[in-house]
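The values are calculated or read from the model by the stated rules, or taken from the named source; none is laboratory data. The structure presented is a predicted model; accordingly, all values stated were derived computationally and were not measured. Positions of Cβ are generated from backbone atoms using ideal geometry, with glycine treated the same way; all protein chains shown enter the neighbour counts. In case anyone asks, the SASA skips ligands and DNA or RNA and just uses the protein heavy atoms, side chains included. Shrake-Rupley method; radii C 1.70, N 1.55, O 1.52, S 1.80 Å.
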Amino acid sequence: MPLHDQQLNTPVMGIGRVSRIHRTYKKEKKRSRSRNRNKAQFLMRYLHVILTMAALFFVGGIVWILYQQVNKKEPTAPTVEETTKALSILTITPKECVALVEKWLTLDNPKAVAELSRLVHLSPEEACEELQQTRLKQGVVKRIKWLGTDQSISIPQEKVLVSYESGHYRVASLMTNSEGKWQVDLESFVAHQSKPWKKIMSPEACQARVRVLLRQDSYYNGAFQDESIWASYAITNSEQSDVIYGYARKNSAAYLALQDILSIKPNIPVILEISRDAEMLPSQYEIKKVIERGWVESKKELSNSYEIQRKAP
């Protein structure tokens, strides 16, 4: 083509090229818009799924809460009888304590004694006999007074003081039985021993469970003269002025129990198991076991816990 013709056609060719380029740009723009539209649709679907799941979880939670509320079992309200029984087990007024002891002191038949007495070692017949002997020995009651509640020992108790015109006094310990009925611990009131005190004091060999007052002492003699082996204690009975001497082997369960007891109070009532051989000097006994601090006997022997501690590594 001649040069002048090429120059004339140049703009046309240029426009043609621009037109083609323009058409290519439109296609790319359409593709870009299509991609953006696809991305937007994907995001919308994703958000829709997330919102749907959140709504389902929310509705499910509401339904679960409502289900729990509907099916929740309301606690059964105790009946008046049950409430009264529970309160009677736990509480007793000072006036009721005194009235119970007043009635108990006048009992004179085994059945009534068994009903109102806590018995551990005695039968109803034996208990009735010991109560009557105590009544005859002590004489007329001068005063009955509520002392308070004692929760310092293994069995919580209500304490009532019984004073006699003879000048002596006894403490009645009240507690509930398994049925929630209040009873007086007869064996602690009468200071029951497994053997008569006169027999215990005899020079013959014996073994006995005794309710006594105990304090630290320094008398060492005979079989118990070695102070590095034995600890000495003075023992008295509530109704006898005679003093006997008990010895506990050091580091034994009985010794450890007595050390703890006497660290609280120097002269204290305890239940002991003591024994003596005929070869021992008069009024000397070995303390085998410490059964209880105080005169109310529980089912657990006190020195057993110290035996476990002593054997522990």
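Overall form of the stretch 219-282: oblate. Here a/c, set by the Cα gyration tensor axes a ≥ b ≥ c, is 1.5 or more, and a/b is not larger than b/c.
Normalising the average separation of contacting C-alpha pairs (under 8 angstrom, six or more residues apart) by the number of residues puts the relative contact order of the stretch 137-275 at 16 percent.
Ordering Ile235, Leu302, Gln284 by the projection of their Cα atoms onto the charge dipole of the stretch 228-313, which places +1 on the Cβ of Lys and Arg and -1 on the Cβ of Asp and Glu, puts Leu302 at the extreme positive end.
Using only the Cα atoms of the stretch 176-313, build the gyration tensor, take square roots of its eigenvalues as a ≥ b ≥ c, and label the shape rounded, prolate or oblate: rounded if a/c is under 1.5, else prolate if a/b is larger than b/c, else oblate. Taking the square roots of the gyration eigenvalues as a ≥ b ≥ c, the stretch 176-313 is oblate.
Positive end of the dipole of the stretch 106-159 (Cβ unit charges, origin at the Cα centre): among Ile144, Thr134, Thr106, the Cα lying farthest that way belongs to Ile144. Counting heavy atoms of the protein chains alone, Asp108 has an accessible area of about 100 Å² for a 1.4 Å probe. Largest accessible area first, the residues Met44, Met53, Met280 order themselves as Met44, Met53, Met280 under a 1.4 Å probe with ligands, DNA and RNA left out. Given a 1.4 Å probe and the protein chains as shown, Ser218 ends up with an accessible area of around 100 Å². Remark: the Cα gyration tensor places the stretch 89-229 in the prolate category, a/c being 1.5 or greater and a/b exceeding b/c. The distance separating the Cα centre of the stretch 244-304 from that of the stretch 116-175 comes to 23 Å.
On a per residue basis, the stretch 125-209 carries 55 Å² of accessible surface, using protein heavy atoms and a 1.4 Å probe. Across the protein chains, with a 1.4 Å probe defining accessible surface, the residues Ser232, Ser194 rank Ser194, Ser232 from largest area downward.
Shown are Arg143, Arg170, whose ranking by accessible area with a 1.4 Å probe and every protein chain present, most to least, is Arg143, Arg170.
Could you list, in their original order, any pairs among Lys111/Lys181; Lys142/Lys195; Lys195/Lys288; Lys103/Lys181; Lys103/Lys198 whose Cα atoms are separated by more than 23 Å? Beyond 23 Å between Cα atoms: Lys142/Lys195; Lys103/Lys198.
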